Structures are given as C-alpha cells and as structure tokens.
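Step one of this worksheet: look at the structure below.
The values are calculated or read from the model by the stated rules, or taken from the named source; none is laboratory data. Here the structure is a predicted model, which is why all the values come from computation and not from measurement. Ideal geometry is used to build each Cβ from the backbone, glycine not excepted, and the neighbour counts take in all protein chains shown. Keep in mind that these areas ignore ligands, DNA and RNA; they rest on the heavy atoms of the full protein, side chains included. Shrake-Rupley method; radii C 1.70, N 1.55, O 1.52, S 1.80 Å.
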Amino acid sequence: QVQLVESGGGLVQPGGSLRLSCTASGIIFSAYPMDWYRQAPGKQRELVATIGSSGSTRYVDPVKGRFTISRDNNKNTLYLQMNNLKPEDTAVYYCKTYGFGMDYWGKGTLVTVSS
C-alpha cells in the first residue's frame, strides 16, 4: 500500500521561508518520479515542481528561483524548500507520484502566506 504523508506547512509572513516534506512508503522510492502540486482556494490543482528518479528537476515559472525540489532516497523523503514566499503561494500543497498506470497522492499540507 502506497502512502505519501506531507508535513511542514504553516503560517508564514510574506518574504519568509518554509520547507515541506513528503515521506513515502510502499514504493521503491528511488525509482519513482515525484511531484509537488498545490491548490489555492477556488482554483484548480496545479503542478509546482517535479523531480525525476535521476534527480532532474523542473519548475513552473511562478516559483522558479524561489522554490527548490529535492529528494533523499535514503530517507524516502521528498522536499520542497520555499523561499521569498508571496501571498499568492497560499495553497494546500500535495506530493504525488505515479507509475504502472497509477497516481498516488498525499493528503496535503496547508501553507498560508499572510502578514
């Protein structure tokens, strides 16, 4: 049974930083690509960043230069370092993986950027 559990969300002021974590179980973590998505209130869920099994990364334009996705295969953990946070980054952040025709999602962690 695949489980993804996010943590690290919270309330932060504009310009602040947070690091999200996603711990995986039930998969050979190192073999799977991993994504961070987010869903802001009233909006559709959107891809934020992705990291391949090889460690290659991609980011959507709004977070380039501010967010860093990384993984620790020894700890089965995915990270998202978020710097210079803006109010428009407020959302529930989800980690996701996929393989063999299946998508696996965590339950999300809420990030609120507000003064």
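Quick rundown of the values:
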| read-out | value |
| --- | --- |
| Amide N proximity, segment 19-36 versus Lys107 label position 7 Å along Cα-to-Cβ, cut-off under 19 Å | 20-27 |
| Point-charge dipole on Cβ atoms (K/R +1, D/E -1) for the chain, about Cα centre, debye to 20 | 80 |
| For the chain, diffusion coefficient by Stokes-Einstein and Kirkwood Rh (Cα), 25 °C, 0.890 mPa s, µm²/s | 175 |
| Contour excess over end-to-end distance, with Cα ends at Leu11 and Lys75 and 0.36 nm allotted per residue | 20.4 nm |
| Modelled label reach - Arg66, point 7 Å along Cα→Cβ, segment 21-40 residues with backbone N closer than 16 Å | 37-40 |
| Residues of segment 15-106: accessible area per residue with a 1.4 Å probe, Å² | 52 |
| Heavy-atom accessible surface of segment 31-73: percent carbon and sulfur, 1.4 Å | 45 |
